[in-house]
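A.B. asks: I'd like to ask some things about the structure below.
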Ligand SMILES: Nc1ncnc2c1ncn2[C@@H]1O[C@H](COP(=O)(O)OP(=O)(O)OP(=O)(O)O)[C@@H](O)[C@H]1O
Ligand SMILES: [Mg+2]
């Protein structure tokens, strides 16, 4: 059984008429600025290596212009790399023949766009099955599939509405239903939720997480919002100027930001929703706590449960319920508070 992993290896993209000519110089340190000023080429991606586990959500984050769209478009080869590999199930997408590529795009990948990209003169149902129409699937069959996905994204009853009769959140649900209809394993979502109001955006994150529980797609989700990244991402890769500056789980990034760029992102985050009990617990003592919680519980939930139950300490267990540690409220609260940065300490000392 294939694992459906995506592996991006040593990927470079240099935009311009003769990108290949500058690969060696970029490899030996020519900067993005110099490449642009001296040679009129744009460094889109530099030596990207990211493992995206099949059945998981990998989030790619970074500021505008950092290369997020360039990266995701390599996965279905809307952009040709200047060097490197994009492996899916061990096959390099960059070496597929035109026919293989067409089959791969059609059956293995689906995209969800920020601007929804719905056809205005088609109804919700017709938009949802657009891809199936193009593949020549008979209408009776495609409509059945379409209705099923429309229901699954919570739009039952809106099948014959037109896009302009729907709110942004509802239009993005159609975008998602359309992407799911072709049964592709890989879901590519480029800032899919960035145009939505904050509350609707959180709703749509929930829709995706619920679907993912059952569907286990290989999702690549781009965002410039760290809260969204932390909520959705099994793993997160952060880009700056076309390079990966850090990758890991949300917790790893929040607890050990690799540099000031990432610290700046991480500063505002609600740590209590990211850090897990098993990260901060002390050794199991065998004490008779009246509450036991799994190690995967985030601190905010643990603190709430403990406060409600008026308990100041808990036993932490593994998934099978075996005690693996112990935590008290004091530990939990200190871990939820952002540590003072170097600069704050300096300021305080002045
Ligand atoms: N076709 C192109 N030709 C030349 N340069 C390009 C091209 N496409 C992208 N770039 C450049 O590559 C870099 C990365 O762009 P990209 O669109 O991938 O960024 P992004 O992270 O998706 O930004 P945003 O958050 O604004 O969508 C930028 O410097 C951009 O100007
Ligand atoms: Mg982009």
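A.B. asks: Rounded if a/c is under 1.5, else prolate if a/b beats b/c, else oblate: with a ≥ b ≥ c from the C-alpha gyration tensor eigenvalues square-rooted, which is the chain?
C.D. replies: Judged from the Cα gyration tensor, the chain comes out oblate (a/c at least 1.5, b/c at or above a/b).
A.B. asks: Could you identify which residue out of 246, 135, 171 has the top mean-square fluctuation in a GNM of the chain using Cα springs shorter than 10 Å?
C.D. replies: In the Gaussian network model the winner is 135.
A.B. asks: Sticking with this one: If I take every Cα pair under 8 Å that is 6 or more residues apart in the range 272-336, average their sequence separation and divide by the length, what percent do I get for the relative contact order?
C.D. replies: On the way: 120 pairs, mean separation 26.6, N = 65.
In percent, rounded to a whole number, it is 41.
A.B. asks: Of the residues 34, 241, 227, which exhibits the maximal mean-square fluctuation in a Gaussian network model of the chain defined by a 10 Å Cα contact cut-off?
C.D. replies: Judging by the Gaussian network model, the answer is 34.
A.B. asks: Next question. For the range 270-324, rounded, prolate or oblate, judged on the Cα gyration tensor with a ≥ b ≥ c (square roots of eigenvalues), a/c < 1.5 rounded, else prolate if a/b > b/c? All intermediate terms of the calculation are to be shown ahead of the outcome.
C.D. replies: Details: a/c = 1.85, a/b = 1.20, b/c = 1.54.
The shape class here is oblate.
A.B. asks: Shape call for the range 184-262 from the C-alpha gyration tensor, a ≥ b ≥ c root eigenvalues: rounded (a/c under 1.5), prolate (a/b greater than b/c) or oblate? Don't jump to the answer; show the numbers that get you there.
C.D. replies: Working: a/c = 1.78, a/b = 1.53, b/c = 1.16.
Verdict is prolate for the range 184-262.
A.B. asks: Still on this model: Would you calculate a helix-derived [θ] at 222 nm for the chain, using -39,500 (n - 2.57) for each DSSP H run of n ≥ 4 and dividing by the full residue count, to the nearest 500?
C.D. replies: Computed mean residue ellipticity for the chain: -11000 deg cm²/dmol.
A.B. asks: So, one more: Would you mind calculating the relative contact order of the chain from Cα pairs under 8 angstrom and at least 6 residues apart, reporting the percent as a whole number? Before the final figure, lay out the partial values.
C.D. replies: Details: 621 pairs, mean separation 60.9, N = 350.
Worked out over the chain, it gives 17 percent.
A.B. asks: Can you put 337, 174, 244, 269 in order, fewest other beta carbons within 10 Å first? Working shown, then result.
C.D. replies: Details: 337 9, 174 25, 244 22, 269 18.
Fewest to most other Cβ atoms nearby, the residues stand as 337, 269, 244, 174.
A.B. asks: Cut-off is 10 Å between beta-carbons; in what order do 338, 322 appear when sorted fewest neighbours first? Each step should come with its number before you reach the end.
C.D. replies: Details: 338 13, 322 10.
Listed from fewest to most nearby Cβ atoms, that is 322, 338.
A.B. asks: Same structure again: Want the number for residue 263 to residue 312: 0.36 nm per residue separation, take away the alpha-carbon distance, what's left? Intermediate values should be presented prior to the final figure.
C.D. replies: Details: separation 49, 0.36 × 49 = 17.64 nm, distance 3.11 nm.
That works out to 14.5 nm of additional length.
Taken together, the values in this text are just the output of simple stated rules run on the coordinates, not laboratory data. None of these values were measured; they are calculated from a predicted model. Neighbour counts are summed over all protein chains in view; Cβ atoms, including those assigned to glycine, are modelled from backbone coordinates with ideal geometry.
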